[in-house]
Structure formats: structure tokens, C-alpha cells
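Reading through the C-alpha cells given below for one structure.
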There are 4 protein chains.
Amino acid sequence: MTSPAQQDAPFEDWHETLLRVRYSETDKMGIVYYANYLVWFEIGRAEYCRARGFSYLDMEQNDDAFLVVAESYCRYKAPAFYDDELLVRTHITELRRRSLRFGYEIVRVANGQIVAEGETGHVVTDSNGRVRSFPEGYAQRLTAPPIVKTTPTTGNEVPSQEGPA
Amino acid sequence: MTSPAQQDAPFEDWHETLLRVRYSETDKMGIVYYANYLVWFEIGRAEYCRARGFSYLDMEQNDDAFLVVAESYCRYKAPAFYDDELLVRTHITELRRRSLRFGYEIVRVANGQIVAEGETGHVVTDSNGRVRSFPEGYAQRLTAPPIVKTTPTTGNEVPSQEGPA
Amino acid sequence: MTSPAQQDAPFEDWHETLLRVRYSETDKMGIVYYANYLVWFEIGRAEYCRARGFSYLDMEQNDDAFLVVAESYCRYKAPAFYDDELLVRTHITELRRRSLRFGYEIVRVANGQIVAEGETGHVVTDSNGRVRSFPEGYAQRLTAPPIVKTTPTTGNEVPSQEGPA
Amino acid sequence: MTSPAQQDAPFEDWHETLLRVRYSETDKMGIVYYANYLVWFEIGRAEYCRARGFSYLDMEQNDDAFLVVAESYCRYKAPAFYDDELLVRTHITELRRRSLRFGYEIVRVANGQIVAEGETGHVVTDSNGRVRSFPEGYAQRLTAPPIVKTTPTTGNEVPSQEGPA
């Protein structure tokens, strides 16, 4: 028998991926435009899946299941700037037969500051937009611990530790 | 003395502006990518101001006041598609000395369907990012009824009613 | 018999559509980010078609023909700013059996300044990405003069001439 | 004395950075929207600089020099798809006192296919948009070989070679 604690445990697994703020993501205030945080949430979701051994693309292409966004929420706590390295932290906050919620934190690497927090709610549909349940196996994979070891990497170049060649 | 009813009355004023979905706003699901609704909310805010006789740009350029986004929320109720004409409905849901909240509805013109609803919370800052109160006069303008008559127009061409020339 | 002059004449038809610069389109330099001009070119193409009585969407949905972009060029002559009203001028510069080129000018309405010029080259494909020729009738429609009278409209609200209500 | 060959040699240095296609970068054709290649070119430029020991941001912030885009060109040779890993190859094709040109290739990692090639031309300006020459030292840095060893990394997670933990 599964105790509630065991069932909830995987939800504690935050996944972390790094990205670097692009020039195109800034606006005339000199900071990141607010809609771009939702783009980063999407990257967080994709990498959360990849760390569990599957690509979100597989789910669409091989299993006719799409995670349509039903809700998004973001709280902007501090501005993010061009060229900032940001850690996107992602976890699952709710998993049901036909729906799913992710929670996120965006952290500035340079100072550990949380620049934003958010949440997205998703419904599983087929390619015709009809609500369906998760395909076989996905609920387990999504709540399992990461099965491949991943190295958080910045969106782009990471100067090696060794310094000048 | 102002009664609560009078004070609240302007908040009932929804402003409506039309736009047309761009190809760039769609994604591989064939529908509008979820972050773009926040871009449309921003257009709703800008046009809400313009209908009240000022450009949001004036507020930034002439009065050193920026409406920094502190929170965003969107509920996606139906997909929006390329080339759809959408009505962005915007109103103020809360106005304080140093902050402001807008509420939104996105309606598909072709069938009157509400495709999304949302809300954004803003803090007033100066160009250095310090919280400040609204500059003189803006609270009144924001809650006043529209002072210029506006014609909702689509994002781009509207074929005239008269048909072929 | 059609003389070369007659055949070329329609190509002289520039189509004009108005849009207003969005906050999301600016970057930290305080001007429009350079990739967004290509988004505006796409709007120019779509409205060029609409003025000739069809939606580019019809071509995709009803006639299985997609205008895949093969080339893009843009010369940036002056910066565009938030809230600027811009006229996107579009015409066809070359039309072949399986390909098409559009030319563009982006003009700032306030001062008539040309802020950018560009060109895009397209190949006609089916939904599987295979090159095909234009579906029946499209070559004629594309080079015909506009068949619906259109009113250039700004991206969003245009305060009416009549002034305050 | 510097021979022409020596002067030109650094221009042969292509810099390579990896990124992964985002869902937001696709459109309803199921492929990457054409304007996004220009965003990737910008990442290529930024990482080209970083590999030579400086951030493009330093140039803006510390030396009041901005690389304003004057021209962009892109040839789209094959579609790029969601989740593709792409190598952005960047080099300098021309360097003058007040201007600079970069050339680019975008390569799909999975099959080595060149999906796009492009070029951008830039003018150096100060923060007021006035043309100026490169600040002291930048011409040398830009044409020098990379001074930090960099490891190309994907836009996001790279599963480690070691496989499951």
C-alpha cells in the first residue's frame, strides 16, 4: 500500500535548468518583458520531462497527448536583466488523470535572488483538442525521480573553469 | 462627499480594442502560444489610457512614472487561431496610491466566445525602479470615463462594408 | 496580347496597412528589436492578400498551399519607438509559378520617415513541405488590383476626428 | 608589420554555441517562425564576444558603445523543429572603425544539416544613437582568437554521457 507521504514525495523533486537572458527578451524599461517568464516556464516543463527520460515532443508525436495550458500565474518579485544567468526551478504541484499543475521559481544565479514565482495548469488533450487522460506510463514517469543525471547548463556558453587556454 | 457607488462607477467602464492574431503568435499546436495573451493585455492597458486622453508613454516620458508588472494571471478558456479578430476588453479592478490592477477579457469577434480572462497587478515606480505614487492627475484620468470617442479597429485592415470597389 | 508593361503594372500596387509599436517589441536600447520588423513584413503580406479578397489562411486551409519563407532581408534606416504608428507598405517584386517575392517599406506616420526597407522570398509548398505551384487562381489574385476598399487602420485605437464626446 | 594574411586570420575563427528550439519559437506550420533566426544570430554574436573574454553588455554599460543593427539577411535552407538542438556558428566578416559585419550558419546537430545562413551589419553608436568608433581595445578583442576555453552547451539540459544515475 502506498502511504500519502510516498505518493507525494516525488512532487518534492524540483528540477533545475539554467538559461541566459536574451537581448530580445528585454524591453524599453531595460528589464525583461513580463510575458517572457511564461516562455521560461515552458522550458522548465520541457527539461523537467527530459530529466525523467522522455521528451515532451514524444508525448505529442508518439502518444497523441498535448499539455494544453488552461491557466498561468506569475508573481514578479525583482527585475531580470539582459545577460543574467537564471535558474528555472520546476516541480509538479498536482497530478490528476487528465490534468497537471507545475510550480516554478526563477532564481538569479549571481545573487540567489528569486526574481519570479509562478504556476501553470494544464489539461491533457489529443491532437483534435479533446480532453483525454494521460497516455499509459506518463503519470509514473512524471512523478518519478530523474532517471538521467543532468548538468545544469546556461542557455549558452559557459566559460570553462580552467580559464584562458 | 463622494459615495462609494460614485467612486466605483468608473471601474465599470470596460474599454474595448480590436486586434488580429499574427502568424508569429501561433505555435506548433496550431493555436496562439499562451504567453502572447499577456502581450495583448498590455495593448489593452495602453488603449484604455489612450481612450482617456493620454498615452502611457507620456506617463513614462513626461512624469517619470512606470507601471511595473508585479503579477499576472490568465485563464485560457478556448484556443485562439491565426487571423482571428479578437476584442480585448480592459477595465480597472483596483486603484491605490501606488498601485493598480487591470482585469481583461479576450473575446473572439466571429462567435462572441470568451477565449481568455486575466488580471495584472502593477506598482508605480520612477525610472530608477523606486516605488512612488501616481503623478498628479493620473488617478483621476484613469478612472474617468473615456474622453475621446474611439472606434474599435482591427489590428490591421478592415474591409469596408461597401464591398468590392 | 499582354504587353510587358501591362503585366508589370500590378506590381506597382503597394498595399498599405498601419500598426502601432507594442511595448513587447522594444528592447533595452529603447527601440524596436530588429527581428520584429520581419513580423511586420508578415502582417504586410497578409493584408496585401486580404485587400485582394482572400485570406492567406484560405490558401493554407482550402488549397493546401503554404508560402514558406526562403529568404529575408531588412535594412534598418532609423529606429522605431514604442507607440509609434507605422505604415507597412507591401508589394510584389517577383511572381513565378512556384515562388514569390515581396518588397516592403516601413514608414513612421508622424514624420514620413522610412525606418526600414526589406524583401522576402517565398516558395509555395504543400502541407508536407513539398514544393508545388500556386493553386488555381492565386497568381491572378495576387497581381490584381485590390478588390475590396480598405481603410488603413492603426494597430489599435484611432481617436476619432470628432474629439471629446 | 602586420601582413594582410595575419590581419585576416582571426576572421576565420568561427565561434559555435548550442541552443535548443523553444515551443514559443514554432508557428502553426509546425516549424520555427522565420524571425526567430535573427534572435539566434544575436545569441551567436553575444557568445562570440564572451568567448573573447568580454560581455557585449560591458561594451554598452562600461564603454557607451552599442552595436546597432543596420542590416540583416537570412537564407532559410531547411526547416528547424521544436526541440531540435542547433549549433549557431558565428564569425566576423568585416571590421571597420565604426562598423562590423557578422556571418552565421545554423546547423542541426542531429544530422549536420545547415538550416540557415545569414549576415548582419552593425554600426557602433553611443547611448544617444550617434555613430562613434569602437572603444579602445575592442577591435583587437573581436578579432583575437578565443581567450577562454568554452564548452558548447545546449540551450538547456544536456543528459550526461554516463546515462541513468
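Derivation of every value follows stated rules applied to the coordinates shown; laboratory data play no part. Bear in mind the structure is a predicted one, so any value in this text is a computation, not a measurement. Here the Cβ is made from the backbone with ideal geometry for all residues, glycine too, and neighbour counts use every protein chain on show.
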Task: Fraction of the pair-distance distribution of region C:1-150 above 25 Å, Cα-Cα pairs, percent - done: 32
- [ ] May I ask which of B:77/D:77; B:28/C:77; A:77/D:28; C:77/D:77; A:28/C:77 have a Cα-Cα span longer than 31 Å here?
- [x] B:77/D:77; B:28/C:77; A:77/D:28
Open item on the list: Starting from 0.36 nm per residue, how many nanometres of slack lie between residue A:128 and residue A:111 once their C-alpha separation is accounted for?
Closed with: 1.6 nm
Open item on the list: Take residue C:144 and residue C:77, extend 7 Å from each Cα along the Cα→Cβ direction, and tell me the distance between the two endpoints in nm.
Closed with: 3.2
- [ ] Note the distances from residue B:141 to each other copy's matching label point, with points 7 Å along the Cα-to-beta-carbon direction, in nm, sorted shortest first.
- [x] 4.2, 4.4, 5.4
Task: Label 7 Å beyond Cα on the Cβ vector: residue B:14 copy-to-copy distances, nm - done: 3.9, 4.0, 5.5
- [ ] May I ask for the percentage of alpha-carbon pairs in region A:22-70 that lie more than 17 Å from each other?
- [x] 49
Task: Where Rh is the Kirkwood radius over Cα pairs, Rg/Rh for region A:70-146 - done: 1.08
TODO: Once you have all Cα-Cα distances for region B:26-111, histogram them in 10 Å bins from zero and send the whole-percent values.
DONE: 14, 45, 28, 12, 1
- [ ] For residue C:109, go 7 angstrom from Cα along the Cα-to-Cβ vector, then report the distances to that same point in the other copies in nm, smallest first.
- [x] 1.6, 4.4, 4.6
